[in-house]
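Trainee: Structure provided below as structure tokens; questions to follow.
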Amino acid sequence: MSRFLIKAAALAIAIQWGATTGVLAQEAAPLAIGPAATRASLPALPFKRLDGNPASLADYKGKVVVLNLWATWCAPCKKEMPSLARLQAGFPKDHLVVLAASVDRGDDSKVENFVDAAGLTDLEILRDAKMAVPRELTLPGIPATLIIDKEGREAARILGDRDWDAAPTIATLKALVDEAPPG
């Protein structure tokens, strides 16, 4: 009887861990975009470009934004980067832009080396070395991705990695790109 209880407790812990980290829920879950009326506006969210110039989420208003927070030391982050690049290649940047915001600490060299080695030339690479954005958005970890509508409102939040160039995901993002402006 005690072996059964131990196995049941281990299973309950695994299920709870998966539910709280989003790992179990995100693997098979389709990308769900919230209704426009319920979307919350996001703050400007400051970043730095690799050339040293400042960037802000406000710079991309009028476009759908896929904001991915990642790091070079994060295996799931690195795993999903090629699919993010393929996603960007499938959309004109004046309609949808993928922003890959690294939270690596230190100088830009680690990030630049990874981006060059992985051939991620289609992605706009930003930096948040102080991890201000994950704190501002109360994100529990990385990778984390926000889907932001053309009005700068959060349409979806995804915790964990996913296949960004899967047909259902592309169709959902295309519908968001094609969404009529409010009013």
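Taken together, the values in this text are just the output of simple stated rules run on the coordinates, not laboratory data. A quick note: this is a predicted structure, and the numbers were derived from the prediction, not measured. In this analysis, Cβ positions are derived from the backbone assuming ideal geometry, glycine residues included, and neighbour counts consider all displayed protein chains.
Trainee: At q = 0.26 Å⁻¹, what base-10 log of I(q)/I(0) does the Debye formula yield for the range 123-183 when every alpha carbon is treated as an equal point scatterer in vacuo?
Mentor: Taking Cα atoms of the range 123-183 as identical point scatterers yields -1.26.
Trainee: Filter the GluC sites (Glu not before Pro) in the range 106-166 to those in DSSP coil with at most 11 other Cβ atoms within 10 Å of their Cβ, and list the result.
Mentor: none
Trainee: Moving to a separate point now. Could you pull out the trypsin sites (Lys or Arg not before Pro) across the range 86-144 that fall in loop regions by DSSP (anything but H, G, I, E, B) with no more than 13 other Cβ atoms inside 10 Å?
Mentor: 93, 105, 130
Trainee: So, one more: Suppose every Lys and Arg Cβ carries +1 and every Asp and Glu Cβ carries -1, with no other charges. What dipole size does the range 31-178 come out with about its Cα centre, to the nearest 20 debye?
Mentor: 320
Trainee: Given C-alpha coordinates of the range 31-178, what is the ratio Rg to Rh with the Kirkwood estimate of Rh?
Mentor: On the Cα set of the range 31-178, Rg over Rh gives 0.92.
Trainee: While we're looking at this one, here's another question. Report the relative contact order of the range 31-178, percent, no decimals, based on alpha-carbon pairs under 8 angstrom and at least 6 residues apart.
Mentor: Once divided by the residue count of the range 31-178, the mean separation gives 35 percent.
Trainee: Lys/Arg Cβ at +1, Asp/Glu Cβ at -1, dipole of the range 31-178 taken about the Cα centre: which of 40, 97, 67 is farthest positive-ward?
Mentor: It is 40.
Trainee: Each residue of the range 106-114 in turn: what ³J(HN,Hα) in whole Hz from Karplus with 6.51, -1.76, 1.60 and θ = phi - 60°, glycine and Pro shown as x?
Mentor: x, 6, 7, 4, 4, 5, 4, 4, 5
Trainee: Determine the distance separating the Cα centre of the range 64-129 from the Cα centre of the range 166-182; give it in Å without decimals.
Mentor: Result: 21 Å between the Cα centres.
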